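Colleague: Can you keep this structure in mind? I'll have questions shortly.
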Amino acid sequence: MRVTILGSGTSHGIPAVGCLCRVCASPDPRDRRTRPSIVVEWRGKSLLIDTAPELRQQVIRSHVRRVDAILYTHSHADHVFGLDDVRRFNEMQEGELPVFARPDVLADLERAFRYVFVQTQAGGGKPKLALKPLEGERLEWEGLTIEAIEVFHGVLPVLAFRFGGFAYVTDTSRIPPESLDRLRGLDTLVLDALRPEPHPTHFSIDEALEVVAEIRPRRTFFTHMAHTVEHAVIERSLPAGVRLAYDGLVLETGDAGAG
């Protein structure tokens, strides 16, 4: 299984609008962060997790040539507002895309992208989507077992996803004990770590490190990072086995939970 970090930034993106701080003005390409999304490649298929506002630029940069399904963590703007860009994959693959998410998230998508789900005039194009409610703790997709694990983004429940030895846990400030147990034994963890300072709805770097110490994955990459995180400086302070993700990072993982 191959995972590409399409975006590793927070909801503002880096550089932030109107900001001339050290990170926003950094020449290090790892400090230029688009909004959070990943793509998982498995047996010739590609599963997109979240559709960031920069999706078009992300998939061009990372040479993503097909998307076979979409999986959503939650419906905040930085995770969904690139949805219209998937219509290009409809055209290339000549079919609709299944969209897996919790029923409340699908309802939000139907409201935010109403034009997609009602009859409109021909021309211009719009995404062709098949909404698939995700209500259980497991999804079987193309022979891949995906575990949906509830975590909390402040008080908002969102979904983390585990694919065998890999897990993607973004936008969280609390992981319940039963969910922590489902994240043990990982080879690779991608985890929310917004900034050094505390935040009410995201893990700080120290809080994320506490999670890493608790579940002990072989390696961890922090994501959803704000402009107080200077890649080269913060990464030097991290313990062995913990690194910062960056846009375009490719991770090859082993056990993928084949069904």
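Colleague: Could you list, in sequence order, all residues of region 32-52 that are closer than 22 Å to residue 231 by Cβ and either charged (D, E, K, R) or without any contact (Cβ under 8 Å) to a residue 60 or more places away in the chain (or both)?
Modeller: 32, 33, 35, 37, 39, 50, 52
Colleague: Is there any pair linking a residue in region 167-190 that is within 16 Å of residue 220 (Cβ to Cβ) and surrounded by fewer than 18 Cβ atoms within 10 Å (Cβ to Cβ) to one that is modelled with pLDDT of 95 or more and not aliphatic (A, V, I, L, M), with Cβ under 7 Å and at least six apart or on different chains, and which?
Modeller: Matching pairs, first to second residue: 180/214; 187/165; 187/166; 187/217; 187/218.
Colleague: A further question follows. Yes or no: residue 44 closer than 30 Å to residue 155 by Cα, out of contact with any His (no Cβ under 7 Å at 6 or more places or on another chain) and small (Gly, Ala, Ser)?
Modeller: Details: closer than 30 Å to residue 155 by Cα: no; out of contact with any His (no Cβ under 7 Å at 6 or more places or on another chain): yes; small (Gly, Ala, Ser): yes.
So residue 44 does not fit the description; no.
Colleague: Would it be correct to say that residue 242 is buried (at least 22 other Cβ atoms within 10 Å of the Cβ) and β-branched (Val, Ile, Thr)?
Modeller: Considered against the rule, which asks whether it is buried (at least 22 other Cβ atoms within 10 Å of the Cβ) and β-branched (Val, Ile, Thr), residue 242 comes out as no.
Colleague: Something else: Any residue at all in region 74-84 that is hydroxyl-bearing (Ser, Thr, Tyr), assigned to a loop (DSSP other than H, G, I, E, B) and touching a His at 6+ places or on another chain (Cβ under 8 Å)?
Modeller: no
Here is a yes/no grid of residues against (1) out of contact with any Ser or Thr (no Cβ under 7 Å at 6 or more places or on another chain); (2) among the basic types (Lys, Arg); (3) within 24 Å of residue 48 (Cα to Cα):
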| position | (1), (2), (3) |
| --- | --- |
| 147 | yes, no, yes |
| 181 | yes, no, no |
| 189 | no, no, yes |
| 212 | no, no, no |
| 226 | no, no, yes |
| 231 | yes, no, no |
| 234 | yes, no, no |
| 250 | no, no, yes |
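Colleague: Looking only at region 71-94, filter to residues that are of a type in the set (Val, Ile, Thr) and in contact (Cβ under 8 Å) with a residue 40 or more places away in the chain; which one of those is farthest from residue 134 (Cα to Cα)?
Modeller: Among them, the one singled out is 86.
Colleague: Separate question: Just checking, how many residues over region 1-30 are polar (S, T, N, Q) and under 24 Å from residue 41 (Cα atoms)? Can you show your working first?
Modeller: First, pick out the residues of region 1-30 that are polar (S, T, N, Q): 4, 8, 10-11, 26.
Checking the rest, the ones that are also under 24 Å from residue 41 (Cα atoms) come to 4, 8, 10.
Of the residues in region 1-30, 3 are polar (S, T, N, Q) and under 24 Å from residue 41 (Cα atoms).
Colleague: Take the residues of region 156-178 that are of a type in the set (Val, Ile, Thr) and in contact with a Leu (Cβ under 9 Å, 6 or more places away or on another chain): which is farthest from residue 79 (Cα to Cα)?
Modeller: It comes out as 175.
Colleague: Right, next: Taking the conditions exactly as written (touching a strand residue (DSSP E or B) at 6+ places or on another chain (Cβ under 7 Å) and over 23 Å from residue 13 (Cα atoms)), does residue 186 satisfy them or not?
Modeller: yes
Colleague: Further question on the same structure: Of these, 35, 88, which one is of a type outside the set (Val, Ile, Thr) and either assigned to a helix (DSSP H, G or I) or surrounded by fewer than 19 Cβ atoms within 10 Å (Cβ to Cβ) (or both)?
Modeller: 88
Colleague: Continuing with the same structure: Do we find that residue 120 is at pLDDT 95 or above and either surrounded by fewer than 19 Cβ atoms within 10 Å (Cβ to Cβ) or under 22 Å from residue 3 (Cβ atoms) (or both) in this structure?
Modeller: Spelling it out, it is not the case that residue 120 is at pLDDT 95 or above and either surrounded by fewer than 19 Cβ atoms within 10 Å (Cβ to Cβ) or under 22 Å from residue 3 (Cβ atoms) (or both).
Colleague: A follow-up question, please. Evaluate region 227-249: report whether one residue or more is of a type in the set (Asp, Glu) and more than 27 Å from residue 25 (Cβ to Cβ).
Modeller: Let us first name the residues in region 227-249 that are of a type in the set (Asp, Glu), namely 230, 235, 247.
Among the residues that remain, those that are also more than 27 Å from residue 25 (Cβ to Cβ) are: none.
Within region 227-249, not a single residue is of a type in the set (Asp, Glu) and more than 27 Å from residue 25 (Cβ to Cβ).
Colleague: Right, here's the next one. Kindly indicate which of 85, 78, 31 is over 25 Å from residue 144 (Cβ atoms) and either polar (S, T, N, Q) or in contact with a helix residue (DSSP H, G or I) (Cβ under 8 Å, 6 or more places away or on another chain) (or both).
Modeller: Values: 85 fails: over 25 Å from residue 144 (Cβ atoms); 78 fails: either polar (S, T, N, Q) or in contact with a helix residue (DSSP H, G or I) (Cβ under 8 Å, 6 or more places away or on another chain) (or both).
Exactly one residue qualifies, and that residue is 31.
The values are calculated or read from the model by the stated rules, or taken from the named source; none is laboratory data. Since this is a predicted model, take the numbers as computed values, not measurements. A quick note on method: Cβ atoms are made from the backbone with ideal geometry, for glycine too, and the neighbour counts reach across all protein chains shown.
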